[in-house]
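> Questions regarding the structure given below will be posed in turn.
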């Protein structure tokens with residue numbers, strides 16, 4: 001299994017690198033520790049013990065789980081794309097589309113601050129690299 005494939009076109013190679021970079025930035029920007037497991041457990045207990053709904057818990061439980069899934073999609077998609085697998089390209093594309101839409105939604109709800117704009121630029125760049133004509137022609141011929 002390869003993590004990088006230099007025989008791919010420059011656009012596809014750069015997309016794989018950007019997938020790994022995006023996963024690393026999500027990982028470093030997210031709180032992942034033992035406190036998360038305790039928060040999930042306490043949230044489930046309080047959901048069962050009181051009249052709270054799942055919407056009350058969405059602020060503490062759902063975003064870390066979605067972030068971990070997105071990190072997995074970036075890493076799996078990058079590795080699959082580097083190994084010229086069609087599922088890897090689709091996984092990477094799905095992660096990039098979701099991240100772009102989530103960033104746009106977040107920017108519209110708050111304000112388009114510098115951090116949101118930079119995140120949007122990286123997400124859009126990944127989509128451009130994945131669907132560049134050189135990447136598409138290589139994918140069409142070589143991916144299984």
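What follows draws every value from the coordinates through simple rules; no lab data is involved. Everything numeric here is computed off the predicted structure, so don't read it as measured data. Backbone-built Cβ (ideal geometry, glycine too); neighbour counts: all protein chains shown.
> Express the relative contact order of region 69-143 as a whole percentage, based on alpha carbon pairs under 8 Å and six or more residues apart in sequence. Intermediate results must be reported in sequence, preceding the final value.
Values: 57 pairs, mean separation 20.9, N = 75.
Relative contact order for region 69-143 comes out at 28 percent.
> On to the next question. Quick one: if the Förster radius is 22 Å, what FRET efficiency do residue 17 and residue 87 give, using the C-beta to C-beta distance and rounding to 0.05? The partial results should precede the final answer.
Values: r = 19 Å, r/R0 = 0.88.
Given R0 = 22 Å and the Cβ-Cβ separation, E is 0.70.
> Also, I was wondering about something else. Does region 74-125 come out rounded, prolate or oblate, given a ≥ b ≥ c as the square roots of the eigenvalues of its C-alpha gyration tensor, rounded meaning a/c under 1.5 and, failing that, prolate meaning a/b above b/c?
prolate
> Same structure, new question: Would you calculate the separation in nanometres between label points at residue 131 and residue 25, each defined as 7 Å from the Cα along the Cα-to-beta-carbon direction?
Distance between label points: 1.9 nm.
> Test of understanding: what is the full-extension gain from residue 5 to residue 110, defined as 0.36 nm times their sequence separation minus their Cα-Cα distance?
Numbers: separation 105, 0.36 × 105 = 37.80 nm, distance 3.89 nm.
That works out to 33.9 nm of additional length.
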